[in-house]
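What follows is calculated from the coordinates using simple rules that are stated; it is not laboratory data. Quick caveat, the model's predicted, so the values are computed rather than measured. Glycine gets a Cβ as well: all are built from the backbone with ideal geometry, and neighbour counts include every protein chain shown.
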Amino acid sequence: AGMVLSVLVVLLLSVLYEALKMGKAVLLRRALLALPRSLSQEALTEPQEGDTDPAQGRWFRYHVGQTLFHVVQVVLGYMVMLAVMSYNAWIFLGAIAGSTLGYFV
């Protein structure tokens, strides 16, 4: 029962890792669309109090979101890697199956 649960957890972690990769790509696309036409330093900084331009702060929020997605993705990737490094064939197959299923979905 413990081994089956371990394989299922690794499988779900792999699926979540792939979902985060996709979410990060979608957020990158939105961030690129929200970039101001002018790439001046003022346009890319954090919005100040009283600024009325919503596009100015949108890029910054997307960038913060991408950063958080990246951190969670790296942590999940290392967790799956450590599970695979247990050199257990079933865990390895669970990681491969989860990655395949996550990419397919």
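In this structure, Ile96 and Phe60 have a Cβ-Cβ separation that, at R0 = 41 Å, corresponds to a calculated FRET efficiency of about 0.60.
A Förster distance of 30 Å, applied to the separation of the beta-carbon atoms of Ala89 and Leu68, puts the FRET efficiency at 0.30.
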